[in-house]
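Notes for the one structure printed next.
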Amino acid sequence: MQITSVINQKGGVGKTALSVGAAAALAEQGQRVLLIDLDPQGHATTEFLGLPETPPGQPSLPMALSKMWKGSIEELAVRHPRCNVRPGGCLDVVPTAPGMFDLVRRLDQFRVPGWQLARVIQFANYEHVIIDCPPALDLLTNNALAATHGVLVPVQPDRTSIRALRLLREQVSYLEQLIGRDPITYFGLVPGLYRRPMSTYADAAMRELHGMGIPVLPHIPMGVVINESAQRGIPVTTFAPHCVQSGAFHQIAQIIEGHRRRYATPQAVPPEPQNGDEFVFEDFISDISGARSRKDSGARRGLYDLMPKRKSR
């Protein structure tokens, strides 16, 4: 199984379109694919694939990452019904859920944040996992980077994307050192969201992107066909298989599959911390609440009782 993260902390660069397009193209080529919507905004789930969020109270991705639920990742996945999948392939989706926005606070409880997602998906029965990351260099993105074999970086041919790419490379290097994992492979840059013909400014920026030392993959130019397919909840590779964008997604999918066949090895995931070794926010608040209730009086008494507590077992 190969894990690919689609990542860029800069918003509006076509990250979700690339995640969905690459995942659907792999499935249409006969691969078993799991798409994880790690972005709390949930655009891959609702806007691009027309799927509902996980209902409140049901097992969900935020519950799995915060250890409130410990089932298999397949139990969270939903089969996408509107994709032309070849025999043997599938396009499953782990949808967004209402608790995603609160998840960063929960992940911050762990002493060494980063490995929670890797532990959740390490035994998944797929050939490819595609992670649609949030537009931020936060704990969710760090979790995706810890688990991943390689990254796809959607970019626009402009100066702001070049600066964002430099910051992203610094973050990746920092995380590799922080958690002691193997170097992350850059599968490539995917230029997109520009108009044709390319302006002089965009052409100069594109030449600079080519000089960054990362492969530049097929482009995904702007086109209303992506919006039309998203409106129907159908991947563009199924909705308009002969358009320029679909052809580019299939080429990118072949490049990702080539990496899997040649290089992908199981990611070494550290074991779970032993009970008592891990900081738990709710337990900390319970201890503080008890101590302050014994000492405080008047208006301050019971103040910490408003903070979240761990549910009794």
Notebook entry, point to check: Is it the case that GLN9 is in contact (Cβ under 8 Å) with a residue 60 or more places away in the chain and not charged (D, E, K, R)?
Noted result: yes
Next item on the list: Among the candidates GLU208, GLU257, GLU228, single out the residue that is without any contact (Cβ under 8 Å) to a residue 24 or more places away in the chain and either farther than 27 Å from THR46 by Cβ or part of a helix (DSSP H, G or I) (or both).
Entry: GLU228
Next item on the list: Hand me the list of strands (runs of 3 or more DSSP E) wholly inside region 1-107 holding 3 or more residues that are modelled with pLDDT under 95 and on the phi > 0 side of the Ramachandran plot.
Entry: none
Margin query: Based on this model, can you work out whether TRP115 counts as in the same structural domain as THR54 (by TED's automatic domain parsing) and within 20 Å of GLN2 (Cα to Cα)?
Written below: yes
Next item on the list: Select from region 146-164 the residues that are without any contact (Cβ under 8 Å) to a residue 60 or more places away in the chain and of a type outside the set (Val, Ile, Thr) and list them in ascending order.
Entry: ALA146, PRO157, ASP158, ARG159, ARG163
Margin query: Could you tell me how many of the residues in region 111-137 are closer than 24 Å to GLY192 by Cα, in a loop (DSSP other than H, G, I, E, B) and touching a Leu at 6+ places or on another chain (Cβ under 6 Å)?
Written below: 2
Checklist line | Set LEU167, LEU140: member being of a type outside the set (D, E, K, R), surrounded by fewer than 21 Cβ atoms within 10 Å (Cβ to Cβ), in a helix (DSSP H, G or I) and in the same structural domain as GLN31 (by TED's automatic domain parsing) | finding: LEU167
Item checked: Counted residues, region 77-112 - those being more than 15 Å from the chain's Cα centre (by Cα) and within 19 Å of ALA27 (Cα to Cα) -> 14
Check: In region 160-193, what count of residues is obtained for those that are more than 19 Å from the chain's Cα centre (by Cα) and on the phi > 0 side of the Ramachandran plot?
Finding: 2
Notebook entry, point to check: over 19 Å from GLU127 (Cα atoms), surrounded by 14 or more Cβ atoms within 10 Å (Cβ to Cβ), touching a strand residue (DSSP E or B) at 6+ places or on another chain (Cβ under 6 Å) and at pLDDT 95 or above - does that describe any residue in region 221-242?
Noted result: no
Next item on the list: Answer with yes or no whether LEU49 is out of contact with any Phe, Trp or Tyr (no Cβ under 6 Å at 6 or more places or on another chain), touching a residue at least 60 places away in the same chain (Cβ under 8 Å) and surrounded by 21 or more Cβ atoms within 10 Å (Cβ to Cβ).
Entry: yes
Next item on the list: Pull up region 26-42, narrow it to residues that are within 24 Å of GLN116 (Cβ to Cβ) and out of contact with any Asp or Glu (no Cβ under 8 Å at 6 or more places or on another chain), then point me to the one that is surrounded by the fewest Cβ atoms within 10 Å (Cβ to Cβ).
Entry: GLN41
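The values are calculated or read from the model by the stated rules, or taken from the named source; none is laboratory data. Predicted model, so just to flag it, every value in this text is computed and none were measured. Ideal geometry is used to build each Cβ from the backbone, glycine not excepted, and the neighbour counts take in all protein chains shown.
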